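The values are calculated or read from the model by the stated rules, or taken from the named source; none is laboratory data. This structure is a prediction, so every number in the text was calculated from the model and none was measured. Positions of Cβ are generated from backbone atoms using ideal geometry, with glycine treated the same way; all protein chains shown enter the neighbour counts. With ligands, DNA and RNA removed, areas are computed over all heavy atoms of the protein, side chains included. Shrake-Rupley method; radii C 1.70, N 1.55, O 1.52, S 1.80 Å.
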Amino acid sequence: MSSNIYLAASIFFLMALNTSVAGVALGGYVCNASGPRDATLEELEVIANSGSSAIVMKSCTREPREGNEEPRYSRLAFGAIQSMGLPNLGFKAYVGFASQLAGRGKPVVASVAGLSLEDFVLMVGAFQDSAVDLIEVNLSCPNLAGKPPVAYDFSRTAEVLDAVCGLGSKPVGLKLPPYYDFVHHDAACGLIASHRVGFVTCINSIGNALAINPETEAPVIRPKGGFGGLCGDYIKPVALANVRAFFERLAGKVSIFGVGGVKSGSDAFEFLLAGADAVQVATAFENEGPACFGRIASELELILQRKGYSSVDGVKGRLKRV
Ligand code: DHB
């Protein structure tokens, strides 16, 4: 191929995956998720230098945390179960990392996991004054004993939204747990539509799954008696359903990150049809390392090309009827 044709083809491919979330441009459709390999500056530098279209940081708490007891992560046949317990360096570290990661040509995304309303206000306020581009408010961590996910309690969710949505001009989004009934999608979307929420991230891991090793006759992870968040292939249909449910209710008003079982271009294409503005990759990144982002993006580009689509925008949300 002559270099001009090669250049034109590359520009076509790069253009094809351009997208935006809450008005913030992403140079590609595939990025990392808050969770694996994103808690230290060294890990975040790896993401900055990878094919990930954003740098999403580990969900942080007010104070640094060691996280739950080991073993707290186990691979399973079709994904993983984890109960990490929010091991992180404390929000001040991530405010500092944001300055160091800004200017790399991709947005930096904070993720905050408050253990109280005051924590959420403090941390969202701090990130509003930082170099991050987007602020993900994690209302769905399933792994803190005695602290159920805020997003399963709509009056607490309303309190958090009332308190954090007006703290600054950077877009604030919500990382949500899976919902399983339309009444819950309706309730969540009602709150989102009545607050300044720029994006949702659907879904967090499916909470309180249990994997048992029949040889040891014990759960495969220790915290919470073995109950932990289910990840990977197992959860993709639930993630797609939640992306679709939010797209049907909020399209054009609130952007959507799809997450849950994305490990191929075909998976990403399914999330695109469901209505995701971009996808985040967690378990495949944990398993494969940073090469997964470029691989998944290239596979998606080939699918779009084969189907004659010139951009993600031409497909987004256009799930057909059977
Ligand atoms: C953890 C798990 C989650 O699903 C999440 O959203 C944030 C943190 C954890 O256990 O560390």
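Scanning segment 205-229 for residues that are within 12 Å of the ligand (Cβ to nearest atom) and polar (S, T, N, Q) yields Ser205, Asn208.
Right, Cys231: in contact with a helix residue (DSSP H, G or I) (Cβ under 8 Å, 6 or more places away or on another chain), under 29 Å from Val124 (Cα atoms) and hydrophobic (A, V, I, L, M, F, W, C) or not? Give the derivation first.
Values: in contact with a helix residue (DSSP H, G or I) (Cβ under 8 Å, 6 or more places away or on another chain): yes; under 29 Å from Val124 (Cα atoms): yes; hydrophobic (A, V, I, L, M, F, W, C): yes.
Here the answer is yes, as Cys231 does meet what is asked.
Of the strands (runs of 3 or more DSSP E) lying entirely inside segment 51-102, those containing at least 2 residues that are closer than 21 Å to Phe285 by Cα, away from the ligand (no atom under 13 Å from the Cβ) and open to solvent by 40 Å² or more (accessible area, probe 1.4 Å) are 73-76. Under the condition of being closer than 22 Å to Phe127 by Cβ, open to solvent by 50 Å² or more (accessible area, probe 1.4 Å) and among the hydroxyl-bearing types (Ser, Thr, Tyr), the residues counted in segment 151-185 number 1. On the stretch given as segment 191-212, residues that are out of contact with any strand residue (DSSP E or B) (no Cβ under 9 Å at 6 or more places or on another chain) and open to solvent by less than 10 Å² (accessible area, probe 1.4 Å) total 0.
From the list Lys147, Lys170, the lone residue that is modelled with pLDDT under 95, under 21 Å from the mean Cα position of the chain (by Cα) and basic (Lys, Arg) is Lys147. Just one residue in the set Thr201, Thr216 is modelled with pLDDT of 95 or more and not in a loop (DSSP other than H, G, I, E, B); that residue is Thr201. Could you check, for segment 230-241, whether at least one of its residues is within 15 Å of the ligand (Cβ to nearest atom), among the aromatic types (Phe, Trp, Tyr) and buried (at least 20 other Cβ atoms within 10 Å of the Cβ)? Checked against the condition, which is being within 15 Å of the ligand (Cβ to nearest atom), among the aromatic types (Phe, Trp, Tyr) and buried (at least 20 other Cβ atoms within 10 Å of the Cβ), segment 230-241 yields at least one hit. Selection of segment 107-123 for residues being away from the ligand (no atom under 16 Å from the Cβ), touching a helix residue (DSSP H, G or I) at 6+ places or on another chain (Cβ under 9 Å) and open to solvent by less than 30 Å² (accessible area, probe 1.4 Å) yields only Val108.
With respect to (1) open to solvent by less than 30 Å² (accessible area, probe 1.4 Å); (2) over 20 Å from the mean Cα position of the chain (by Cα), the lone exception for Ala188 is condition (2). Please work out which residue is surrounded by the most Cβ atoms within 10 Å (Cβ to Cβ), limiting yourself to segment 280-317 and to residues that are over 20 Å from the mean Cα position of the chain (by Cα) and basic (Lys, Arg). It comes out as Lys307.
Kindly indicate whether Ala131 is open to solvent by 20 Å² or more (accessible area, probe 1.4 Å) and touching a Ser or Thr at 6+ places or on another chain (Cβ under 7 Å). So Ala131 fits the description; yes.
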